[in-house]
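Taking it in order: structure first as structure tokens, then the write-up.
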Amino acid sequence: MTDKKKFPSTAEVVVIGGGIIGCSIAYHLAKRGISDVVLLERKQLTGGTTWHAPGLVSMLWPTPYLTSLAEYSHELYASLEEETGQATGYRRIGSLSLARTPERLEELLRTSSMASVFGVESEMIDNERLAELYPGVNVDGVLGALHIEKDGQTNPVDTTMAMATGARMHGARVIQNAKVDEILVEDGRAVGVKTEQGSIAAKNVVLAGGLWSRDIAATIGVDLPLYACEHFYVVTDNMDGLQPCPVLRDFDKGVYFKEDTGKMIVGWFEHNARGCSMDRIPEDFCFDEFPCGIDDVEEYLMRGMGTLPALEETGIRTFFNGPESFTPDNLHLLGPTPEVDNFFVACGLNSKGIGAGGGIGKVMADWIIGGHPSGDIWECDVRRHHPVQREQAHIEARIPEALGHTYAMHWPFYQYKTARDRIQSPLHQVLKDQGACFGEVAGYERPNWFAEDGAKAEYEYSYKRQNWFEFYAREHRSMRESVGIYDISSFGKFEISGPDAEKALQCVCAGDMTAEPGSLVYTQWLNERGGIEADLTVSRTGPDRFMVISGIGSVNKDWWHMKKHLHGDVQLRDISADYACLALQGPNARAVLEKIAETDVSAEGFAFGSGRYASVAGVEVWLQRLSYVGELGWEIFVPAGETCEVFAELQKAGAEFDIRNVGLHAVNSLRLEKGFRHWGHDIGSGDNLIQAGLSFAAKPDAGDFIGRDAFLQDKAAGLPDRRLVQFKLDDPEPLLYHNEPIVMDGKFVGYLSSGMYGHTLGAAIGMGYVEAPDLNAARIGEASFEIEVARERFSAQASLRAFYDPSSSRMKT
């Protein structure tokens, strides 16, 4: 034990794990004034995976907030030596990313555009400039390169030790050789830990245990989607004349190069990674590695020699193979677990822990002290995974593929091949037989588009128009011009019942829950700061009974939100698998439905925003008049076992109107034309209702819901300097996906949160937040807007209202 003091019996926070993440969390907590912090390391600091990391510190991450945390890591690593006296080895050396195909070049161009709006300086360079920046590189076959000058590197061990030193300086205890044998839980709350040296009572427990985190968390009923894979690199002998140079990534070969004190580290992300079950890792594993021979490295080493020919004449000093932990989507697992209160996790760093370490320590300290993260970090929230995505079979199949995807092309609409068919709609086989091409979200297989004309129902990826573009255009037009039907059985469906159901929901929902039975309420759940935690529909199916309808991507989070916040005499039941949901939408939807529905579906007899139990095709269903595509339509909730029967009758009734199957890609383009928001893309916990243009949905007079005071303050503040705006390109050719920069009067003012092609409007459309003063409709009308796509700017129309049917008359007819 390094710490010679008496073993503590109490602490404000116990941190489990002495890698860079655990030490960073302890450092930031202590620096914030939480001096009663105890960090427990099973063996020695950095001895798990931190010690063998290459030490890359990148500037650009997938979201603006993660990018800001990366910038913080750079600043922190540069300042730690002055603060602690411990050198970190940090330096800004820049990075170069190569493109060898036109598709990769477009990806890098789009990345460079995204970097600009995220505040990261970058430039696209030609081969002459590439050779200047990286002497000895073979430029044959290189079409272009992305240069980020301020990327850096650091020594992982030294940087971790500096933070451990800083933590001690601010009063934290850092104790080595203190393995946690048990996390103590009482009444659903973590209350401390037990070790061989003794137990420590704690108000909060933080698990930063790297490889061991899944097994440790499982002991208290928390399933973390985390799995280790073998990860390789080689270190060369000293190379004559090798000077400090940028990190070089040859994505199309899957290889990276990092200069290391006159030697070269050559590493890669394996396309067919080997999973590593925890029973292969011995109990005393510390500064250890796995066997590694020439057969393990030859393929990628040969690729590397093609990029850097000097390697052909250089000896190899180290063949390295060690385990690293990864997640199914290559993003971290952060935050408080819903299953156990006061229990936080920070793990699943996907071989990026050094670059992320400083920022993660900061955001975790903010979260523990303040009760919420200091920015929108949903992409890394531990609650984001559906239960099926946390099953052992799923992670063992998916995670090796996800690791290999790190350097692969990041195509729009890319679908993983492994761990598929975990959850299927009752209609799955029927739709497959009718040409459906499925995409997976949160383990659920959903029809994204339908192949026609003898085409295969398979993606052919591109940044241009993909092979299904015309198919989904037909689906889009059918729903606008006649009628279409889509399967949205993936909805999360929760039943809330009991004498206190209305009161309990009113405490959570910003909308008015006193609506009469048969009413539908579009509402949001807010956090105490007024941020949007959920965007959903609540259907009042009876006097004391409601159905909450949520998107599949947030089902797990929304379930736990209700479990924690619904109080009183109320019952909560997950009925997601009990019912399918079919959306019948389009101008002829009424003509189709009235053939087989034993209820009045006329405009007078079935008002928009209402629902009822009714017989459709002889089956008792919950039928509600609502639309996410901006057309006349109904959502039909059918008992799962009778879905195929109802679907067949709907198709038969719609035959005279050429009813068409519609996939989720078309639904996305339809909803964007109508300006409808998508939680997790266009709205989230960092956005408020005023900014998002959704203040109409809040009814502060209905009750004292969570976030009510913040909403009223935001509303009283007047016109915000950040508003969600819709865009349509003037040029019909370019395509928009998301993260494209928004340019207003020549200046970057935001980026697109969503994008798709609007077939009714005849051009690509999108929406995103614009940050500018006095942003009213008149100001937007006067301004000149452009959207930047792959470093080229295209003029665009902008509007606060929907481009399609802004009065919503079509869906209310």
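Considering region 460-486, and only residues there that are of a type in the set (Asp, Glu) and open to solvent by 10 Å² or more (accessible area, probe 1.4 Å), the residue that is nearest to Ala790 (Cα to Cα) turns out to be Glu460. All of (1) without any contact (Cβ under 8 Å) to a residue 40 or more places away in the chain; (2) touching a strand residue (DSSP E or B) at 6+ places or on another chain (Cβ under 8 Å); (3) of a type in the set (A, V, I, L, M) hold for Ala455 with one exception: (2). Taking every residue in region 118-143 that is among the acidic types (Asp, Glu) and pairing it with any residue that is open to solvent by less than 50 Å² (accessible area, probe 1.4 Å), at least 6 positions away or on another chain, the pairs with Cβ-Cβ distances below 7 Å are Glu123/His147; Asp126/Gly144. Annotation: of all residues in region 152-168 being buried (at least 22 other Cβ atoms within 10 Å of the Cβ) and of a type in the set (Val, Ile, Thr), the one that is farthest from Leu96 (Cα to Cα) is Thr160.
On inspection, Gly404 qualifies as buried (at least 17 other Cβ atoms within 10 Å of the Cβ) and at pLDDT below 95.
Restricting region 679-691 to residues that are open to solvent by 20 Å² or more (accessible area, probe 1.4 Å) and in a helix (DSSP H, G or I), the residue that is farthest from Tyr769 (Cα to Cα) is Ile690. Scanning region 397-438 for residues that are touching a helix residue (DSSP H, G or I) at 6+ places or on another chain (Cβ under 7 Å) and at negative phi returns Tyr407, Met409, His410, Tyr416, Lys417, Thr418, Arg422, Ile423, Pro426, Leu427, Val430.
With the requirement that a residue be in contact with an Asp or Glu (Cβ under 7 Å, 6 or more places away or on another chain), within 30 Å of Pro412 (Cβ to Cβ) and open to solvent by 10 Å² or more (accessible area, probe 1.4 Å), what does region 74-110 give you? Across region 74-110, the qualifying residues are Arg100, Thr101. Checking Ser79 against (1) hydroxyl-bearing (Ser, Thr, Tyr); (2) without any contact (Cβ under 8 Å) to a residue 40 or more places away in the chain; (3) closer than 16 Å to Ala145 by Cα: exactly one of these is not met. Which one? Going through the list (1) hydroxyl-bearing (Ser, Thr, Tyr); (2) without any contact (Cβ under 8 Å) to a residue 40 or more places away in the chain; (3) closer than 16 Å to Ala145 by Cα, Ser79 breaks only (3).
Answer yes if at least one residue in region 772-783 is surrounded by 21 or more Cβ atoms within 10 Å (Cβ to Cβ), free of Cβ contacts under 8 Å to residues at least 40 places away in the same chain and not aromatic (Phe, Trp, Tyr), and no otherwise. No, the conditions are met nowhere in region 772-783. Scanning region 190-212 for residues that are assigned to a loop (DSSP other than H, G, I, E, B) and either under 22 Å from Leu224 (Cβ atoms) or without any contact (Cβ under 8 Å) to a residue 12 or more places away in the chain (or both) yields Ala208, Gly209. Checking each residue in region 194-235 for being surrounded by fewer than 21 Cβ atoms within 10 Å (Cβ to Cβ), farther than 26 Å from Leu334 by Cβ and of a type in the set (Val, Ile, Thr) picks out only Val235. Would you call Phe676 part of a helix (DSSP H, G or I), of a type in the set (A, V, I, L, M, F, W, C) and open to solvent by 10 Å² or more (accessible area, probe 1.4 Å)? The answer is no for Phe676.
Every test in (1) at positive phi; (2) within 17 Å of the chain's Cα centre (by Cα) is passed by Ile377 save one, and that test is (1). Listed by first and then second residue, the pairs linking a residue in region 596-616 that is in contact (Cβ under 8 Å) with a residue 40 or more places away in the chain to a residue that is open to solvent by less than 50 Å² (accessible area, probe 1.4 Å) and among the aromatic types (Phe, Trp, Tyr), with Cβ atoms under 9 Å apart and 6 or more places separating them unless they lie on different chains, are Gly611/Trp622; Gly611/Trp634; Gly611/Phe637; Arg612/Phe606; Arg612/Trp622; Tyr613/Trp622.
Whether any residue in region 594-606 is of a type in the set (S, T, N, Q) and part of a helix (DSSP H, G or I) is what I want to check. Among the residues of region 594-606, not one is of a type in the set (S, T, N, Q) and part of a helix (DSSP H, G or I), which makes the answer no. Filtering region 103-142 to residues that are farther than 15 Å from Val789 by Cβ and assigned to a helix (DSSP H, G or I) leaves Arg104, Asn127, Glu128, Arg129, Leu130, Ala131, Glu132, Leu133. Across region 35-58, what is the number of residues that are open to solvent by less than 10 Å² (accessible area, probe 1.4 Å) and either over 25 Å from the mean Cα position of the chain (by Cα) or at negative phi (or both)? Residues that pass the stated criteria total 9. If you go through region 407-425 and keep only what is outside any loop (DSSP other than H, G, I, E, B) and either surrounded by fewer than 16 Cβ atoms within 10 Å (Cβ to Cβ) or not polar (S, T, N, Q) (or both), you end up with just Ile423. Scanning region 692-745 for residues that are open to solvent by 30 Å² or more (accessible area, probe 1.4 Å), more than 25 Å from the chain's Cα centre (by Cα) and either on the phi > 0 side of the Ramachandran plot or not charged (D, E, K, R) (or both) returns Ser695, Phe696, Ala702, Leu712, Gln713, Ala716, Ala717, Gly718, Leu719, Pro732, Asp745.
Counting only strands (runs of 3 or more DSSP E) that sit wholly inside region 709-794, those with at least 1 residues that are of a type in the set (Phe, Trp, Tyr) and out of contact with any His (no Cβ under 7 Å at 6 or more places or on another chain) are 722-729, 747-758, 763-771, 785-789. Looking for something among the hydrophobic types (A, V, I, L, M, F, W, C), in contact with a Phe, Trp or Tyr (Cβ under 9 Å, 6 or more places away or on another chain) and at negative phi - is there at least one such residue anywhere in region 439-449? Yes. In this entry, Gly171 passes the filter for residues that are in contact with a helix residue (DSSP H, G or I) (Cβ under 6 Å, 6 or more places away or on another chain), touching a residue at least 40 places away in the same chain (Cβ under 8 Å) and open to solvent by 20 Å² or more (accessible area, probe 1.4 Å). Within region 645-689, the only residue that satisfies the criterion of being of a type in the set (Ser, Thr, Tyr) and more than 19 Å from Asp487 (Cα to Cα) is Ser685. Inside region 795-813, residues that are assigned to a loop (DSSP other than H, G, I, E, B) and open to solvent by 70 Å² or more (accessible area, probe 1.4 Å) make up a count of 3. Counting only strands (runs of 3 or more DSSP E) wholly contained in region 143-186, the ones carrying 3 or more residues that are under 19 Å from Ala26 (Cβ atoms) occupy 173-175. Reported count of residues in region 441-459, each being in a loop (DSSP other than H, G, I, E, B) and open to solvent by less than 50 Å² (accessible area, probe 1.4 Å), is 7.
The values are calculated or read from the model by the stated rules, or taken from the named source; none is laboratory data. Bear in mind that the values here come from a model prediction, so they are computed numbers and not experimental data. So basically every Cβ, Gly included, is an ideal-geometry build from the backbone, and we count neighbours across all protein chains shown. Please note that ligands, DNA and RNA were not included when accessible areas were found on the heavy atoms of the full protein model with its side chains. Shrake-Rupley method; radii C 1.70, N 1.55, O 1.52, S 1.80 Å.
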